[in-house]
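Peer 1: Below is a structure I'd like to ask you about.
What follows draws every value from the coordinates through simple rules; no lab data is involved. What you are looking at is a predicted structure, and each value in this text was computed from that prediction instead of being measured. As a convention, Cβ positions derive from the backbone with ideal geometry for all residues, glycine included, and neighbour counts pool all protein chains shown.
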Amino acid sequence: MAEDITTSTSIARHGASRLPSVEVDSFNVELKDDEGFLGDRASKGAFRKILDDLRKPLKKNGDDPLGKKSSGDIAKSELDEALIGADVGAAALVHSAIEEFAQELAYVTQRFLKTKAWADTERIVVGGGFRQSRVGELAIARTDLILKAEDFEVDLLPIRFHPDDAGLIGTLHLAPSWIFEGHDSILAVDIGGTNIRCGVVETSWKQAPDLSKADVWTSELWRHADDEPTREGAVKRLVKMLKDLIDAAETEGLKLAPFIGIACPGVINEDGSIEKGAQNLPGNWESSKFNLPASLVEAIPQIGDHDTAVLMHNDGVVQGLSEVPFMQDVERWGVLTIGTGLGNARFTNRRKANGKDEKKAKKSRD
């Protein structure tokens, strides 16, 4: 049955370790220590807890420069403003939280780098919603300095695209390049525990075959956590969002490829089912009777004049894949996504034999 589902919904295997441009060495690794999952020490919730702990003694004396709001209710933009505002106490408080969080993130990153799967990692990009703030950027930069001070030869830097776009653009790198011929855009889906985002991604493939100039033409966000839908209700809403995007693309004159790329939390099996890690999604997405790619093909059997193909992978992997064009100067690299938890993936670039590389390959064969 699994084989039937795979061949009828996809042009390749879901959750594959071998992708067109990279090998996925590991993803969704859950490291533990005596206190529990290490990822919980470097999540956005962990930063808020650090900030809250720093504020507690100040609140007792009525000297909290951040006011009466709970740390969880303070927007990222407010924290960014506190960093550069006239209140030096507020700035110092936020900087203190950044420093403590950076120490935690550095510790967790070191633990990843010491695993076999992450050995010889040369660069790590950091994505997720936390990255999209000055606070996040400073925390990443400080972590990079801590790692270098402790003799870890790795560069840590923010992901290039806005995290909302990276989760959509990365799906381009799930598909073989031939699928872009004759088309200029694809449908992409980024599923999270709070939101589902769908978009039309323009490939700009003719201008940049490496997809470095890809861009999100338009996207639609549904905050499903507010509506608390059933699993079937969520799929129905997702299908409507995709159909609306198809109509919009056709109206604009875009040539959609018959392809839907999906980023989804959890461990994705090759038949499109989810083994684990989807507990925050509406309903039971880990059921053996549920297969999202198959459901989408059934609801949208064709895009244009061609049969619909669907590929799904872990959301951390997909966000990292958006960086593929910009990681060609290294061989082994990874991604950490700071959100509800700490998403992670490690990649090894697949070198294409051409030019000098081809001569090297030929020489080694001889």
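Peer 1: Ignoring the sites themselves, what is the longest stretch of the chain with no GluC sites (Glu not before Pro) in a DSSP loop and at most 11 other beta-carbon atoms within 10 Å? Write down the numbers at each step before the final one.
Peer 2: Details: sites that count: E35, E150, E153, E181.
Within the chain, the longest run free of exposed GluC sites (Glu not before Pro) spans 182-366.
Peer 1: What area, in nm² and to one decimal, does the C-alpha convex hull of the chain cast on average over all directions? Walk me through the numbers before you get to the answer.
Peer 2: Numbers: hull surface 86.7 nm².
So the Cα hull casts an average projection of 21.7 nm².
Peer 1: Considering Cα pairs under 8 angstrom that are at least six residues apart, work out the relative contact order of the chain and quote it in whole percent. List each step's numbers first, then the result.
Peer 2: Numbers: 680 pairs, mean separation 93.8, N = 366.
Computed value for the chain: 26 percent relative contact order.
Peer 1: What translational diffusion coefficient, in µm²/s and rounded to a whole number, does the Stokes-Einstein relation yield for the stretch 296-352 at 4 °C and a viscosity of 1.567 mPa s, taking the hydrodynamic radius as the Kirkwood radius over Cα pairs?
Peer 2: Numbers: Rh = 13.7 Å.
Translational diffusion coefficient: 94 µm²/s.
Peer 1: Just tell me which aspartates and glutamates come within less than 18 Å, Cα to Cα, of K68; anything on the same chain fewer than 8 places away is out.
Peer 2: D52, D53, E78, D80, E81, D87
Peer 1: Counting only complete DSSP H runs, which helices of the chain cover 20 Å or more along their long axis at the Cα atoms and score a mean Kyte-Doolittle of -0.5 or above?
Peer 2: Numbers: long enough: 44-60 (25 Å, -1.00); 88-113 (36 Å, 0.63); 134-149 (22 Å, 0.56); 231-252 (32 Å, -0.35).
Both cut-offs are met by 88-113, 134-149, 231-252.
Peer 1: Relative to the Cα centre, what is the charge dipole magnitude of the chain, using +1 at the beta carbon of each Lys and Arg, -1 at the beta carbon of each Asp and Glu, and rounding to the nearest 20 debye?
Peer 2: Values: 46 positive and 60 negative charges, 128 e Å.
The dipole magnitude comes to about 620 debye.
Peer 1: Another one. Return the calculated 222 nm mean residue ellipticity for the chain, to the nearest 500 deg cm²/dmol, obtained by summing -39500 (n - 2.57) across DSSP H runs with n ≥ 4 and dividing by the residue count. Could the numbers behind the result be given before it?
Peer 2: Values: 11 runs with 134 residues, N = 366.
The helix contribution divided over the chain gives -11500 deg cm²/dmol.
Peer 1: Going by a ≥ b ≥ c, the root eigenvalues of the Cα gyration tensor, does the stretch 192-313 fall in the rounded group (a/c under 1.5), the prolate group (a/b larger than b/c) or the oblate group?
Peer 2: Values: a/c = 1.71, a/b = 1.60, b/c = 1.07.
Prolate is the answer for the stretch 192-313, as a/c is 1.5 or above and a/b outweighs b/c.
Peer 1: While we're on this one: Starting from the alpha-carbon convex hull of the stretch 179-250, give the projected area averaged over all orientations, in nm².
Peer 2: Numbers: hull surface 21.7 nm².
Seen from a random direction, the Cα hull of the stretch 179-250 projects 5.4 nm² on average.
Peer 1: Would you mind checking the pairs K76/K114; K76/K276; K206/K255; K49/K69; K236/K289; K49/K114 and listing those with alpha carbons more than 21 angstrom apart?
Peer 2: In this structure, K76/K114; K76/K276; K49/K114 lie more than 21 Å apart at Cα.
Peer 1: Taking the dipole about the Cα centre of the chain, with the C-beta of Lys and Arg at +1 and of Asp and Glu at -1, give me whichever of Q302, M312, S77 is farthest to the positive side.
Peer 2: M312
Peer 1: With a cap of 13 neighbouring Cβ atoms within 10 Å, and only residues DSSP puts in a loop, list the trypsin sites (Lys or Arg not before Pro) found in the stretch 108-170.
Peer 2: Details: sites: R111, K114, K116, R123, R131, R134, R142, K148, R160; in loops: K114, K116, R160.
Those satisfying the criteria are K114, K116.
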